[in-house]
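Enquirer: I'd like to ask some things about the structure below.
The values are calculated or read from the model by the stated rules, or taken from the named source; none is laboratory data. Bear in mind that the values here come from a model prediction, so they are computed numbers and not experimental data. All Cβ positions, even for glycine, are placed from backbone atoms using ideal geometry, and neighbour counts span all protein chains on display.
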Amino acid sequence: MKNALLSFLIGQRCKRIRHFSENPIHIQNKVLTELISKAKNTEFGMEHKFHLINNYIDYINYVPLRKYEDFYPFIDRTRKGVKNVIWPTKINLYSKSSGTTNSRSKYIPVTKESLFKCHFKAGKDMLALYTSNFGNTNIYSGKGLMLGGSLDKLNSRLYQQGDLSAILIDKFPYWVNMHRVPDKNTALMPNWEEKINRIAEQAIKSNITNLTGVPSWMLVLLKHILNITGKDNLSEIWPNLEVFFHGGVSFGPYRSQFNEVLSNSNMNYLEGYNGSEGFFAIQDLKDSQGLLLLLDHGIFYEFIDLKEYNEGKNTSILLDEVKLGVNYVLVISTNAGLWRYVIGDVISFTSIKPFRVRVVGRTKSFLNAFGEEVIVEDADRALLETCKKFQAIFNEYTVAPFFISNKSSARHQWLIDFSKEPKDINQFAKVLDENLKKLNSDYAAKRSNNLVLKQPEVILIKNNEFYKWLKHNNRLGGQNKIPRLSNDRKIVEFILHQT
C-alpha cells in the first residue's frame with residue numbers, strides 16, 4: 001500500500017514535469033502573469049505600474065534590470081519591518097550570502113511561496129526524477145545525510161537570516177527530519193569544527209542511503225568520517241548508500257575524489273542548480289550534462305548574451321529565442337519578490353527541446369585582465385584534462401593575473417591544492433596552458449608568441465591555506481566555496497602569505 005502510494009505520487013510529479021517541459025512558453029507566460037497579478041498592489045508593483053502590464057513588452061518597459069546593489073533599498077525596507085514592499089505576504093526569512101567574489105553579505109528574501117512552491121517543490125521533484133529515472137531504489141529504507149550551514153543568532157523579532165541550506169533544514173516538515181541526519185540542533189550549529197564531529201558521530205551509527213550537500217564540504221565530512229573510523233571507503237560504513245544529491249559548484253573537479261572514497265560502482269550522482277534566489281534546474285536524465293530548467297516553480301526567466309552584457313548592452317530575450325552554445329547572463333523574476341534581477345550566474349543551453357542548461361560561470365568570476373575572457377568552465381575543463389593526463393587529483397584551486405613588472409612578464413598564477421600531485425609541475429603547467437588554448441580562442445590569441453601573456457605559473461598549496469582563507473572570511477561550511485577566478489590579487493596574496 002505504501003509503495004503504491006509512493007509510486008502514484010512520483011507518477012503525478014513526473015507527469016507535471018513533462019507538462020511544463022512540453023509547453024514551456026505557455027507555462028512561462030502564465031508564471032509572469034501570476035507574479036504580476038500577485039504583486040500589483042505592493043509598493044514596487046504600484047511604482048512600476050504593474051496594473052498596466054499585459055505582456056512581456058510592457059514588463060520590460062516599466063521594470064528596469066537590477067543587480068543586488070540596485071535592488072537592496074527595497075530589501076532593506078522589508079528587513080526593517082515595512083510590509084508589502086516587494087511581495088504582498090510577510091517576509092521574515094532572508095538567505096545570507098557573501099557570494100563568490102564579494103565579501104559584502106547579501107540578504108535575499110525567502111517568502112512562504114518561494115519556500116514551498118520553489119525550493120521544497122523542486123526538492124520533491126528531484127526525488128521523483130531520481131526514483132523514476134535511476135532504476136530501483138532503496139533510499140527510503142534508510143536516512144539521508146544532509147550537510148548545511150547555520151542560522152545567525154539575532155535579537156530581531158522581525159526576521160531570521162542565515163545560510164539557505166540552514167533555512168530549509170529549519171523549516172522542513174517534521175516527516176523530512178525523521179528521515180534525515182543529523183538532528184536539527186546539530187545541523188544548524190555555527191561552529192564548523194564542532195559540528196563536523198557531531199555529524200560524524202550520528203552518521204556513523206545510521207543507515208545512510210543518500211547524501212545531500214555541496215561537493216567540497218561533503219568531501220571534508222566524508223574524509224573526516226573515514227579518518228575516525230579507520231575505514232578505506234564509505235561502503236564499509238554505509239553499504240546501502242546509493243546517491244549523492246549535489247549542487248552549488250561544478251561537480252567535475254570533485255568526481256575523482258568521490259570515486260576514491262566511494263568504492264560502490266552503483267553510486268549515482270544527481271545535480272541540482274539552486275541558490276539563495278531559487279531552485280532553477282534539476283538533472284532529469286542519468287547521463288545528461290544539462291539540467292532541466294524548472295519552468296513552473298514561480299520563476300520567470302530572461303537571458304542576456306554575455307558578450308553583449310560585457311559591452312554594456314542589456315537586451316534581454318526569452319526562451320523562444322535562446323540558442324545552443326551561447327553564454328547567457330541569467331535574469332529572474334520570482335515569487336520571493338525579485339523583479340528582473342540579474343542573479344550573476346552565466347548559463348549555456350545544452351538542449352532546446354526540452355530546455356536544459358549548465359552553469360558555466362559568474363558575471364564577476366572570470367579572467368579578463370588582459371582581454372583573455374576565461375570563464376570558470378574553461379578553467380575547470382582545462383584543469384581536469386590536464387590532471388587526467390598526469391594522473392593527478394586536485395582538491396581546490398584559484399587563479400589570478402600576475403601583472404607586468406620590472407622582473408617578469410604578465411601571466412596567470414594558478415594556486416592548486418593537490419591530493420595527488422603531478423610528478424613534473426613545470427610540464428603540468430605547459431599542458432594546462434595548451435588545454436586552455438584549445439578551449440578558449442581569446443586566451444590563445446593573448447598567448448600567441450608570448451606577446452601579451454606568458455605561460456601560466458602553477459604554485460602548489462600544501463598547508464590548508466584555502467581552508468584558512470575560508471575561515472578568515474567566516475565561510476566555513478554551508479554553501480561557501482573558493483572563488484575560482486579573480487581579476488585582482490586579493491585572494492592569492494592572502495593565501496601566498498599563509499604559506
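Enquirer: Search region 70-91 for residues that are touching a residue at least 40 places away in the same chain (Cβ under 8 Å) and pair each with any residue that is outside any loop (DSSP other than H, G, I, E, B) and among the small types (G, A, S) when their beta-carbon atoms are under 8 Å apart and the residues are at least 6 apart or on different chains.
Expert: So the pair list comes out as I86/A39; W87/A39; P88/A39.
Enquirer: Kindly check whether there is at least one residue in region 165-175 that is surrounded by fewer than 16 Cβ atoms within 10 Å (Cβ to Cβ), closer than 26 Å to F134 by Cβ and at pLDDT below 90. Spell out how you get there, then give the answer.
Expert: Initial filter on region 165-175 (surrounded by fewer than 16 Cβ atoms within 10 Å (Cβ to Cβ)): 173-175.
Then keep just the ones that are closer than 26 Å to F134 by Cβ; that gives 173, 175.
Next, only the ones that are at pLDDT below 90 stay: 173, 175.
For region 165-175, residues surrounded by fewer than 16 Cβ atoms within 10 Å (Cβ to Cβ), closer than 26 Å to F134 by Cβ and at pLDDT below 90: present.
Enquirer: Any residue that is surrounded by fewer than 20 Cβ atoms within 10 Å (Cβ to Cβ) and farther than 20 Å from Y467 by Cβ - is there at least one of those in region 239-246? Outline the logic, then answer.
Expert: We begin by selecting, within region 239-246, every residue surrounded by fewer than 20 Cβ atoms within 10 Å (Cβ to Cβ); these are 239-240.
Next, only the ones that are farther than 20 Å from Y467 by Cβ stay: 239-240.
Yes: one or more hits.
Enquirer: A further question follows. Which condition number does S351 fail, the rest of (1) polar (S, T, N, Q); (2) at pLDDT below 95; (3) surrounded by fewer than 20 Cβ atoms within 10 Å (Cβ to Cβ) being met?
Expert: Result: S351 passes all but (2).
Enquirer: What number of residues in region 328-340 are under 16 Å from Y94 (Cα atoms) and either in a strand (DSSP E or B) or among the charged types (D, E, K, R) (or both)?
Expert: Keep residues of region 328-340 that are under 16 Å from Y94 (Cα atoms), which gives 334-338.
Cutting the leftovers down to either in a strand (DSSP E or B) or among the charged types (D, E, K, R) (or both) gives us 334.
Of the residues in that region, 1 qualify.
Enquirer: Just checking, does region 130-146 include any residue being closer than 30 Å to R489 by Cα and assigned by TED's automatic domain parsing to the domain that holds L219?
Expert: no
Enquirer: Of the conditions (1) surrounded by 23 or more Cβ atoms within 10 Å (Cβ to Cβ); (2) part of a strand (DSSP E or B), G272 satisfies every one except a single condition; which number is it?
Expert: (1)
Enquirer: Within region 463-480, track down each residue that is part of a loop (DSSP other than H, G, I, E, B) and buried (at least 18 other Cβ atoms within 10 Å of the Cβ).
Expert: Applying the first criterion (part of a loop (DSSP other than H, G, I, E, B)) to region 463-480 yields 463-464, 473-480.
Scanning region 463-480 gives R475, L476, G477, G478, Q479, N480.
Enquirer: List the number of the failed condition for L415; all other conditions in (1) within 26 Å of S256 (Cβ to Cβ); (2) loosely packed, with under 14 Cβ neighbours inside 10 Å; (3) aliphatic (A, V, I, L, M) hold.
Expert: It fails just one condition, (2).
Enquirer: Right, something else. Scanning region 356-387 for residues that are modelled with pLDDT of 85 or more and either assigned to a loop (DSSP other than H, G, I, E, B) or outside the structural domain of L439 (by TED's automatic domain parsing) (or both), which turns out farthest from the chain's Cα centre (by Cα)?
Expert: R356
Enquirer: Can you find, within region 400-411, the residue that is modelled with the lowest pLDDT among those that are within 18 Å of A445 (Cβ to Cβ) and touching a strand residue (DSSP E or B) at 6+ places or on another chain (Cβ under 9 Å)?
Expert: S409
Enquirer: Oh, and also: Would you mention how many residues in region 6-59 are at pLDDT 95 or above and either of a type in the set (V, I, T) or outside any helix (DSSP H, G or I) (or both)?
Expert: 15
Enquirer: Write out, first by first residue and then by second, each pair whose Cβ atoms fall under 6 Å of each other, whose residues are 6+ apart or on separate chains, and whose first residue, in region 471-495, is farther than 22 Å from G361 by Cβ and of a type in the set (G, A, S) while the second is part of a loop (DSSP other than H, G, I, E, B) and modelled with pLDDT of 85 or more.
Expert: G477/G149
Enquirer: Can you name the residue in region 317-346 that is touching a residue at least 60 places away in the same chain (Cβ under 8 Å), surrounded by 22 or more Cβ atoms within 10 Å (Cβ to Cβ) and not aliphatic (A, V, I, L, M) and is also nearest to D70 (Cα to Cα) among such residues?
Expert: This residue is Y341.
Enquirer: Among K38, K80, K49, K15, which is the only one that is in the same structural domain as T111 (by TED's automatic domain parsing), among the charged types (D, E, K, R) and buried (at least 18 other Cβ atoms within 10 Å of the Cβ)?
Expert: None of the others qualify; the one that does is K38.
Enquirer: Scan region 166-173 and give yes if some residue there is of a type in the set (K, R) and touching a residue at least 40 places away in the same chain (Cβ under 8 Å), otherwise no.
Expert: Taking every residue of region 166-173 in turn, at least one turns out to be of a type in the set (K, R) and touching a residue at least 40 places away in the same chain (Cβ under 8 Å).
Enquirer: Determine if region 146-153 includes at least one residue that is small (G, A, S), farther than 30 Å from R18 by Cβ and more than 19 Å from the chain's Cα centre (by Cα).
Expert: Scanning region 146-153, I find no residue that is small (G, A, S), farther than 30 Å from R18 by Cβ and more than 19 Å from the chain's Cα centre (by Cα), so the answer is no.
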